[in-house]
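Structure first, commentary second.
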Amino acid sequence: MSVDWTEVYRSTFPDLVRFLHRKVWDLERAQDLAQEAFVRALRHEPQKPRAWLFQVASNLARDEARTAIRRKRHLTLLKSETEDRQQAIPDPAHELLERERMGHVREALDALSERDREVLLLWDAGQSYSEIARQAELAVGAVGTTLARARRRLAEAFAQEEQIDVAR
């Protein structure tokens with residue numbers, strides 16, 4: 001069976017970039033990694049391209065994270081985001097609140113276990129429960145429970161980040 005790569009690209013690329021963006025926190029880098037995943041897919045011609053692409057993209061992001069100095073990258077990204085937002089949003093109060101909120105989201109995601117973060121990001125990228133199960137090495141029946149717990153933990157971590165910020 002021949003895969004219609006144009007359709008796969010059209011339907012998967014935006015979800016793949018969003019998934020990767022939440023892993024690397026850099027839109028351009030996420031787009032580059034998504035492109036790399038597609039290049040590899042064209043070489044391997046997998047039977048289930050969408051699931052394969054998300055697996056490869058996840059591995060690419062993980063490899064990058066291992067080689068980059070995490071702290072330096074986050075500081076660089078925060079600085080560039082601040083500059084971009086200052087140009088795009090004329091209201092400084094709104095910009096400050098949004099930057100703080102995104103910081104809380106990042107910290108809350110970082111506080112989760114690798115599995116919780118992976119399951120949430122796959123779900124947010126539009127993956128089905130069976131695709132999430134395959135990627136996260138879970139039973140399909142465990143995906144819903146894992147997602148519910150991960151959402152609860154994310155909400156708790158987010159609330160804790162906001163409380164810490166208020167205390168400062």
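Tell me which residues, restricted to the range 1-53, are basic (Lys, Arg) and either part of a loop (DSSP other than H, G, I, E, B) or free of Cβ contacts under 8 Å to residues at least 24 places away in the same chain (or both).
Arg10, Arg40, Arg43, Lys48
Could you give me the residue pairs with C-beta distances under 7 Å whose first residue belongs to the range 104-130 and is touching a residue at least 24 places away in the same chain (Cβ under 8 Å), whose second residue is in a loop (DSSP other than H, G, I, E, B) wherever it lies, and which are 6+ apart or on separate chains?
Close Cβ pairs satisfying both conditions: Arg106/Trp25.
Of (1) under 18 Å from His21 (Cβ atoms); (2) touching a residue at least 24 places away in the same chain (Cβ under 8 Å), Arg134 satisfies all except one. Which?
Going through (1) under 18 Å from His21 (Cβ atoms); (2) touching a residue at least 24 places away in the same chain (Cβ under 8 Å) one by one, Arg134 breaks only (1).
Every number here is computed from the coordinates shown, using simple stated rules; none is lab data. All values derive from a computational prediction rather than experimental measurement. Cβ atoms come from the backbone with ideal geometry, glycine included; neighbour counts cover every protein chain shown.
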